[in-house]
Amino acid sequence: MHAREISGVALSGRRYAEELLDAVRERASRLAVGAGIATVMIGEDPAAKLYQRRINEHAREVGIASRPVRLPADASFGEVVGKLAELNVDPEISGMLVLRPLPAHLPEARVLRAIPPEKDVEAQHPENAGLLALGTPRFIPSTPAASFLMLDRYMLDTGRSLETAYDGIDLVVVGRSNNVGKPAAILGLARNATVVSCHKHTTDAGRLREHTTLADVLVVAVGAPGLVTGDLLRPGAIVIDVGINVVSDGEGGTRLVGDVDLESCLEVAGAVSTVPGGVGPITDAWLLHNSVLAAERLEGHGADTSALGLVGASSRAAG
Ligand code: NAP
């Protein structure tokens, strides 16, 4: 059998997540009132349930109060807004997020507008999304932040300076959701990369490869297992796989995979983040980082949007 050549490095996020959690624990311990995260789940989505449990566990581990809130699937818009208003005046809660997917009867944009901006740790309120787009973020949403924390660390580990590592490089983001793809593109621009946003229509037009083969850095956030294979990459590219997909393991069970076909991509890429264990653990840690940041601000200090000084350019952009 032909032995395939692996040239790329598989990037794990676990070490970075641990470092971030250590920093969060330390900052949380210095707070007078403390930080608290509320995760509001409406209905019973299994993935949202797992996420809520994970955040709850991590928060407690690092000394952050955790409030998993569950509302029935038929909760009215008024009830959801009422709960968010209640959390807004709760001194124990510094950050909150509404877990998705929302039940179909709830208007997502209006629900996100009801999150108080100072506690909107996923930056989904239009005010926070706008501040991010303007380069002056109040919070950097966790998954795009985690993607760039991983990229920044890889740049540093390979001897590059964060002042210049992204200058003029081609950074292609596949996926343009408000919570991942769009903010990732904004963070790339803030680092002086040349950014291209691809989406479903790019693929449907048969033009995805045209863009991805130019990418020095490729961030994939779609939700389609195996969408990106090695032949879609530029040799030496750095690939961040954000996708999380549950697929059959062929033995009657299931396993988690990303959007990137790791095996074929490692034959071409310089580095590819793994799923699981890549962006995911850093994302969880970043949410807690934002909750501590919110608490610091509520206590009248702490304007640092970055973590560990590692999300360099975006914090420069924040001024
Ligand atoms: P989403 O809201 O469903 O957005 C998916 C995006 O992918 C859309 O912009 C869509 O394009 C685009 N797309 C769909 N099919 C495509 C195709 N064949 N080719 C190119 N683009 C395509 O999803 P999301 O919330 O951004 O999440 C994306 C993935 O990341 C999911 O697997 C999710 O589970 C995962 N995720 C992971 C983390 C983490 O911590 N690692 C956090 C959040 C999400 P259109 O806009 O044209 O429809």
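Answer yes if at least one residue in segment 109-120 is in contact (Cβ under 8 Å) with a residue 40 or more places away in the chain and either under 28 Å from ALA17 (Cβ atoms) or away from the ligand (no atom under 16 Å from the Cβ) (or both), and no otherwise. Scanning segment 109-120, I find at least one residue that is in contact (Cβ under 8 Å) with a residue 40 or more places away in the chain and either under 28 Å from ALA17 (Cβ atoms) or away from the ligand (no atom under 16 Å from the Cβ) (or both), so the answer is yes. For the criterion of being part of a helix (DSSP H, G or I), within 16 Å of the ligand (Cβ to nearest atom) and in contact (Cβ under 8 Å) with a residue 40 or more places away in the chain, PRO144 passes. Residues that are surrounded by fewer than 16 Cβ atoms within 10 Å (Cβ to Cβ) and either under 22 Å from VAL275 (Cβ atoms) or within 22 Å of the chain's Cα centre (by Cα) (or both) occur in segment 59-75; there is at least one.
Once segment 245-274 is narrowed to residues that are surrounded by fewer than 17 Cβ atoms within 10 Å (Cβ to Cβ) and among the β-branched types (Val, Ile, Thr), the residue that is farthest from the ligand (Cβ to nearest atom) is THR254. Screening ARG110, ARG100 for residues that are in contact with a helix residue (DSSP H, G or I) (Cβ under 9 Å, 6 or more places away or on another chain), part of a loop (DSSP other than H, G, I, E, B), surrounded by fewer than 20 Cβ atoms within 10 Å (Cβ to Cβ) and of a type in the set (D, E, K, R) leaves exactly one candidate, ARG100. Determine if segment 232-244 includes at least one residue that is small (Gly, Ala, Ser), free of Cβ contacts under 8 Å to residues at least 60 places away in the same chain and either more than 14 Å from GLY8 (Cα to Cα) or crowded, with 20+ Cβ neighbours inside 10 Å (or both). Within segment 232-244, one or more residues are small (Gly, Ala, Ser), free of Cβ contacts under 8 Å to residues at least 60 places away in the same chain and either more than 14 Å from GLY8 (Cα to Cα) or crowded, with 20+ Cβ neighbours inside 10 Å (or both).
Condition check: touching a residue at least 60 places away in the same chain (Cβ under 8 Å) and at negative phi. Does LEU131 satisfy that?
Numbers: touching a residue at least 60 places away in the same chain (Cβ under 8 Å): no; at negative phi: yes.
The answer is no for LEU131.
Check ALA184, ALA224 and return the single one that is of a type outside the set (D, E, K, R), without any contact (Cβ under 8 Å) to a residue 60 or more places away in the chain, within 15 Å of the ligand (Cβ to nearest atom) and part of a loop (DSSP other than H, G, I, E, B).
Details: ALA184 fails: part of a loop (DSSP other than H, G, I, E, B).
One residue alone meets the criteria, ALA224.
All conditions but one from (1) surrounded by 14 or more Cβ atoms within 10 Å (Cβ to Cβ); (2) in a loop (DSSP other than H, G, I, E, B) apply to PRO91; the one that does not is (1).
Each reported figure results from applying straightforward, stated rules to the coordinates on display, with no laboratory input. Because the structure is a prediction, the values reported are computed rather than measured. Glycine gets a Cβ as well: all are built from the backbone with ideal geometry, and neighbour counts include every protein chain shown.
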